[in-house]
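The block underneath contains the structure these notes are about, expressed in structure tokens.
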Amino acid sequence: NGQKLTIRIYAASLQTISSWSNSSGGYRAIGVTLPVTAQADKTIYVGCIWNSTDSFWDVVAVATQG
């Protein structure tokens, strides 16, 4: 419980992020919006914390390069 996970997403061209699993063991947005596209030559960081009570990665931060 409480483990951290940082996901780095980078795309050389515009890409669609097909989906974020929202079933047990997947990702649950907490006060943020999960990205659905990755812009060309931009980096996205997604910060997660494991919630063992509910068996979800709680996504608590999303930052996109400006």
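The values are calculated or read from the model by the stated rules, or taken from the named source; none is laboratory data. Here the structure is a predicted model, which means the values were calculated and not measured. Positions of Cβ are backbone-derived with ideal geometry, glycine not excepted, and every protein chain shown enters the neighbour counts. With ligands, DNA and RNA removed, areas are computed over all heavy atoms of the protein, side chains included. Shrake-Rupley method; radii C 1.70, N 1.55, O 1.52, S 1.80 Å.
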message: One residue is enough: does region 6-22 have a residue meeting the conditions of a type outside the set (Val, Ile, Thr), in contact with a strand residue (DSSP E or B) (Cβ under 9 Å, 6 or more places away or on another chain) and in contact (Cβ under 8 Å) with a residue 40 or more places away in the chain?
response: no
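Looking at 53, 33, 6, which one is assigned to a strand (DSSP E or B) and not hydrophobic (A, V, I, L, M, F, W, C)?
Numbers: 53 fails: assigned to a strand (DSSP E or B); 33 fails: assigned to a strand (DSSP E or B).
Only one candidate passes the filter, namely 6.
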field: Complete set of residues in region 36-50 that are open to solvent by 70 Å² or more (accessible area, probe 1.4 Å) and part of a loop (DSSP other than H, G, I, E, B)
entry: 36, 39, 41
Answer residue from region 9-18, given it is of a type in the set (Ser, Thr, Tyr) and in a strand (DSSP E or B) and is surrounded by the fewest Cβ atoms within 10 Å (Cβ to Cβ) among those: 16
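Of all residues in region 51-61, which are open to solvent by 50 Å² or more (accessible area, probe 1.4 Å) and among the hydrophobic types (A, V, I, L, M, F, W, C)? Before the answer, list the steps.
The first filter runs over region 51-61 and keeps only residues open to solvent by 50 Å² or more (accessible area, probe 1.4 Å), leaving 52-54, 60.
Residue satisfying the conditions is 60 alone.
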message: Filter region 26-49 down to the residues that are in contact with a Phe, Trp or Tyr (Cβ under 6 Å, 6 or more places away or on another chain) and not basic (Lys, Arg) and list them by number.
response: 27, 34, 43, 48
query: Out of (1) open to solvent by 50 Å² or more (accessible area, probe 1.4 Å); (2) assigned to a strand (DSSP E or B), what's the single condition that is false for residue 66?
result: (2)
- request: Quickly run through region 20-66 and pick out the residues that are farther than 23 Å from residue 2 by Cβ, of a type outside the set (Val, Ile, Thr) and more than 10 Å from the chain's Cα centre (by Cα).
  value: 38, 39, 40, 41, 42, 65, 66
